[in-house]
Amino acid sequence: MTTFVDRVELHVAAGNGGHGCASVYREKFKPLGGPDGGNGGRGGDVILVVDQDVTTLLDYHHHPHRKATNGQPGAGDNREGKNGKDLILPVPDGTVVMDRNGEVLADMVGQGTRFVAGQGGRGGLGNAALASARRKAPGFALLGEPGEGRDIVLELKTVADVALVGYPSAGKSSLISVLSAAKPKIADYPFTTLVPNLGVVTAGATVYTIADVPGLIPGASQGKGLGLEFLRHVERCEVLVHVLDTATLESDRDPVSDLDVIEAELAQYGGLGDRPRVVVLNKVDIPDGKDLADMIRPDLEERGYRVFEVSAVARQGLKELSYALADIVAKARAAKPVQEATRIVIRPKAVDDAGFTITKEADGLFRVRGEKPERWVRQTDFNNDEAVGYLADRLNRLGVEDALLKAGARAMDGVAIGSEDDAVVFDWEPSMSAGAEMLGRRGEDHRFEAPRPAAQRRRDRDAARDEAQGEYDGFSPF
């Protein structure tokens, strides 16, 4: 069963905003006391938060769909709906948030770092908030906006100071087990380590973390073996430690060629050329291993490497190695600028959202795109004629009608507002006057009046009665 996951695709959906309420205040002797419909509540956000107690993305691997709660609808008596509860998703320190195209949205490092992965929808206004001097008793309310939904990729890059790299079975797990309190799985077969292991090392006044990265082999940077899956865990480390096996039983391998192969794979992966390197010749407690270490050490030192001969089993040379790594880590930390609290600012939207564009498509359809028009369409209840009339008034005030005339639109041309996936298409009727004088009964607008058979029968009956009454008044028996 999988116990460590460092890359997942997460489907998040923020909560929808609650609908506004259309209500009229009623009291004894006050049958029409004015609009009192409350606003809908805001939908909950989906927020990623760095938590030091979380070390893996396993939970999101098993449950990749996460949704925040919706806002509650408004109610009469000016009661606003309850806001949806934010969904807090803890992630490990060092998690990188990307979209499905690989673009980095946030690099989450540091306890408490937050990133809003999905913005909750705004609640709709009730008819009390929509009332004005010209529209005193609106018979409609605005709908709540849907919450933001998106697919994101979470990728964990281990936050460690030192990374142990090398061939499988080079002794990395044994080395980290004796340098720290980590207890990784240790065996004498390839690919024993299937997940990165972290350990904490104390050397004098310096405390640093060390990571055991699963074994690399030729072709790892192109996806061969397990190395590519974990090379990302090397990116944040300050020091790279090459662990070389001086007692390998494979006839076609030797420590120097192993070093060259691993360096070639790191170069292919990229971005690690500036990290200091340290070479550890492991298993020198074996006579053949000690002899080989003495032979190759001068060659490695000529290349500029600091070389340490150790034995994880016999615990030889470990103190010198731990203090040397502590010194490198301390110098790297001192060279870094003072880190401020992580501040994530991701492509903020323009403050002015009144802009829009109109394009004429090949089929003659005029498409309107813009933040305000598309939001207004989402907020409109198209089953209510008065709400549709209110939308027409808003678009007219924004200048959409004038822009359509300039773009060459004519009466009954098709107009779409929004993207192709969720656009609202209608036949445009220009020069639609706006104002309270166009309003009829609550929920109706004469501009969108459809034939009403019952109302027509009632008007015909009243006209016939009036005509009969007139004939009676003019009749005289004399």
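Some notes on this structure:
- Per-region count, region 47-101, residues open to solvent by 40 Å² or more (accessible area, probe 1.4 Å) and more than 18 Å from G149 (Cβ to Cβ): 16
- Against the conditions (1) at pLDDT 70 or above; (2) small (G, A, S); (3) open to solvent by 30 Å² or more (accessible area, probe 1.4 Å); (4) more than 32 Å from the chain's Cα centre (by Cα), A267 satisfies every one except (4).
- Condition check for D252: modelled with pLDDT of 85 or more and open to solvent by 40 Å² or more (accessible area, probe 1.4 Å): no
- Region 49-76, subset among the β-branched types (V, I, T) and assigned to a loop (DSSP other than H, G, I, E, B), residue nearest to R7 (Cα to Cα): T56
- Within region 388-431, the set of residues being within 24 Å of G139 (Cβ to Cβ) and either basic (K, R) or at pLDDT below 85 (or both) comprises R394, R397, F426, E429.
- One residue alone among G144, G225 is modelled with pLDDT of 85 or more and either closer than 21 Å to S322 by Cα or not in a strand (DSSP E or B) (or both), and that residue is G144.
- Flag set for N383, criterion: free of Cβ contacts under 8 Å to residues at least 24 places away in the same chain and surrounded by fewer than 19 Cβ atoms within 10 Å (Cβ to Cβ).
- Hits in region 278-311 (condition: charged (D, E, K, R) and without any contact (Cβ under 8 Å) to a residue 60 or more places away in the chain): D285, D288, K290, D291, D294, R297, D299, E301, E302, R303, R306, E309
- Complete set of residues in region 388-421 that are more than 17 Å from K360 (Cβ to Cβ), touching a residue at least 12 places away in the same chain (Cβ under 8 Å) and exposed (fewer than 11 other Cβ atoms within 10 Å of the Cβ): R397
- G34 buried (at least 19 other Cβ atoms within 10 Å of the Cβ), among the small types (G, A, S) and touching a residue at least 60 places away in the same chain (Cβ under 8 Å): no
- Residue in region 235-244 that is open to solvent by less than 30 Å² (accessible area, probe 1.4 Å), modelled with pLDDT of 85 or more and over 30 Å from R333 (Cα atoms) present: no
- Checking each residue in region 280-313 for being crowded, with 21+ Cβ neighbours inside 10 Å, under 29 Å from E235 (Cβ atoms) and of a type in the set (V, I, T) picks out V280, V310.
- Only listed residue being open to solvent by less than 20 Å² (accessible area, probe 1.4 Å), closer than 22 Å to Y305 by Cβ, at pLDDT below 85 and more than 36 Å from the chain's Cα centre (by Cα), chosen from D258, D212: D258
- Qualifying residue in region 81-90 (condition: assigned to a loop (DSSP other than H, G, I, E, B), charged (D, E, K, R) and closer than 28 Å to G34 by Cβ): yes
- Top-ranked residue of region 171-191 - restricted to ones that are within 18 Å of S322 (Cα to Cα) and part of a loop (DSSP other than H, G, I, E, B), ranked as modelled with the lowest pLDDT: A182
- Listed conditions (1) assigned to a helix (DSSP H, G or I); (2) surrounded by fewer than 24 Cβ atoms within 10 Å (Cβ to Cβ); (3) not charged (D, E, K, R) are all met by A133, apart from (1).
- The condition of being open to solvent by 10 Å² or more (accessible area, probe 1.4 Å), closer than 30 Å to G71 by Cβ and at pLDDT 70 or above holds for D151.
- Where A324 falls short, out of the listed (1) at pLDDT below 90; (2) small (G, A, S); (3) within 26 Å of H233 (Cβ to Cβ): (1)
The values are calculated or read from the model by the stated rules, or taken from the named source; none is laboratory data. These numbers come from a predicted model, not from an experiment. Using ideal geometry, Cβ is built from the backbone for each residue, glycine included, and neighbour counts are taken over all protein chains shown. Accessible surface is based on the protein model in full, side chains and every heavy atom, while ligands, DNA and RNA are left aside. Shrake-Rupley method; radii C 1.70, N 1.55, O 1.52, S 1.80 Å.
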